[in-house]
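No value in this document is a laboratory result; all are computed from the given coordinates. Since we're looking at a predicted model, the values are computed, not measured. Heads up, the Cβs are rebuilt from the backbone with ideal geometry, glycines too, and the neighbour counts pull from every protein chain shown.
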Amino acid sequence: MAADQAGFSIFNRENGQQLTNYYETFENARLIDYVARDSLLFIYDRYGEFAGIRIFDVANPTEPAEQMLLTGRNVDALKCSSNDAGNIDIITTADNKIKYGEYDGVFWYSYFTSFYNAVEGFDLDDNYFYVCGEQLGIYISEKASGNLVTIFDTPGSSLAVKKVDNFLFVANKQEGISIIDISQLEQPEEVFWQDTSGYAQNLDIYANFLAVASGGGGVYLFDISDVHNTEFLDRVDDSKIGYTYQVKFFDGALYAATKTGAYKLKINTKNLGVK
């Protein structure tokens, strides 16, 4: 877990035990991703002498070993994944660009694509990037060429997006969530919108569940088994878990990163419970 000025921590999911808290030289740990195949942790430190993406070997989670610093500032979103060549893809958004590179002990930038304004979260598939352009909505661009396919205006300011099948699920900050049908890429269509309390800033999907981190509104849970008739199921508000920044499904449980810590939320049919 990236913990701002407290660096990062690693916890045992089963019992909640903290295995390590690494804060040396960190000023503002804001983003984090993990590549299980290589036991590597990627953490974006926003400010200070060591600002950039810092890479740690966590094969022994009690003794993280720093490998490399990829210098760079203003990163807003980070995704890392292993590829078929045995290397690690690193994709980020920063300022008005989405950037792609590979890491194999050395980092190589391959390309970047520029947009009309500052961009935030993103998702991707084999052929396209789906990028949040804040008040301009969602950019859809070709991965190979960088060519812009379309811009779709969403309510509010788009901060996070998740693609599942032919749908984009978007967190729109002050305007809740949108679901967009992209079966016709050049003519996307919004098929669902729902306001949420607070600022919808992150989301995740598992099976037929959509979870939304809504800042001062806590966590929302929706049933998306019929996307066109998405159903609100439950909510855990900030009075119980605090201002919520991030949600993540894993092994059927929902984890929430909040201003007061990390919570494991158990989904019981159609309800959320704090564990």
Computed, not fitted: 222 nm per-residue ellipticity of the chain from DSSP H runs ≥ 4 (each -39500 (n - 2.57)), nearest 500, equal to 0 deg cm²/dmol
Identify the trypsin sites (Lys or Arg not before Pro) of the range 67-127 meeting these criteria: DSSP loop state and at most 15 other C-beta atoms within 10 Å of the C-beta.
-> Arg73
May I ask you to derive the relative contact order of the range 1-114, considering only C-alpha pairs under 8 Å and at least 6 residues apart, and to give it as an integer percent?
-> 15 percent
Ratio for the range 123-167, C-alpha Rg to 2.2 N^0.38 Å, reads 1.09
Of Thr62, Leu221, Leu41, farthest towards positive along the dipole that unit charges on Lys, Arg, Asp, Glu beta carbons give the chain = Thr62
Please arrange Cys80, Cys132 by counting, for each residue, the other beta carbons lying within 10 Å of its beta carbon, fewest first.
-> Cys80, Cys132
Loop only per DSSP, at most 15 neighbouring Cβ atoms within 10 Å: give me the GluC sites (Glu not before Pro) in the range 156-253, ordered by residue number.
-> Glu186
Any idea what the relative contact order of the chain is, in percent, if you count C-alpha pairs under 8 Å spaced at least 6 apart?
-> 7 percent
Rank these for me by crowding, Val236, Val164, going from fewest to most other beta carbons within 10 Å.
-> Val164, Val236
Low-density loop cleavage sites - GluC sites (Glu not before Pro) in the range 1-102, where at most 14 other Cβ are within 10 Å (DSSP) | Glu14, Glu24, Glu49
Note on the range 1-114: alpha-carbon gyration tensor, axes a ≥ b ≥ c; rule is a/c under 1.5 for rounded, else prolate if a/b larger than b/c, else oblate; result oblate
Kirkwood Rh over Cα pairs of the chain into Stokes-Einstein at 25 °C, 0.890 mPa s: D in µm²/s?
-> 128 µm²/s
